[in-house]
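The values are calculated or read from the model by the stated rules, or taken from the named source; none is laboratory data. All figures in this text were calculated on a predicted structure; none of them were measured in a lab. We place every Cβ from the backbone using ideal geometry, glycine too, and count neighbours over all the protein chains shown.
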Amino acid sequence: MRSVILSEMKTKYKRLICPAYEIGKSGARRFYIDITLTDDVLTLSGKWHSYGQIADDLSDNSLIPADGFEYSDILKIQSIWERWHLNDMRAGTPKQEAFIREWRLSNKYSYDEACKALNNGYRYGTSWLKEEVPKEVIKYLFSLPAISGDSWLDIEPVAVDETEFFNIINVGATKPTVVP
């Protein structure tokens with residue numbers, strides 16, 4: 001029997017959502033997103049035309065918001081996906097990443113040029129750094145209407161109770177006790 005070392009244990013939360021669908025000649029096709037939070041690392045993947053990193057597909061104008069979602073939710077999910085997916089794989093410090101996001105608005109991205117612009121202190125891109133996902137982002141994602149089922153096609157809404165939600169947004173924290 002293998003003994004489990006406490007440091008190897010991971011806190012993992014999952015949420016499957018269906019924020020949109022598309023009406024086509026063969027009927028409705030659902031857009032699914034799997035949201036996973038493991039030890040403060042956010043991972044998003046989806047299924048629509050293909051599986052995996054399909055955040056760009058969220059801007060497809062043929063998508064229709066599903067029940068419980070607005071079109072603004074679809075765009076917000078896309079924005080969160082692009083900004084916070086794999087938040088433990090940042091090439092730069094939070095300050096450097098903010099600079100790069102701003103710099104890219106007026107410059108064509110080049111890793112070498114980015115390194116030149118960020119040549120003081122930590123050398124951009126020399127290791128993967130973790131950037132904490134804001135609790136508001138986690139709270140938003142895990143408050144979206146969820147689905148469950150044995151397959152992508154077998155779906156049912158799922159509610160998150162107060163204790164589970166507290167645990168999701170406070171990974172590693174303990175729920176405070178209410179004193180009368």
For this session: Being among the basic types (Lys, Arg), surrounded by fewer than 17 Cβ atoms within 10 Å (Cβ to Cβ) and either in contact with a strand residue (DSSP E or B) (Cβ under 9 Å, 6 or more places away or on another chain) or at pLDDT 85 or above (or both) narrows it down to one of 95, 25, 14, so name that one.
Result: 14
Exercise. Residues of segment 69-92 being surrounded by 15 or more Cβ atoms within 10 Å (Cβ to Cβ) and among the aromatic types (Phe, Trp, Tyr), which ones?
Worked result: 69, 81, 84
Exercise. Looking only at segment 99-123, which residues are in a helix (DSSP H, G or I) and surrounded by 12 or more Cβ atoms within 10 Å (Cβ to Cβ)?
Worked result: 99, 100, 103, 113, 114, 115, 117
Problem set entry | Checklist (1) on the phi > 0 side of the Ramachandran plot; (2) in contact with a Leu (Cβ under 7 Å, 6 or more places away or on another chain) applied to residue 86, failing item | (2)
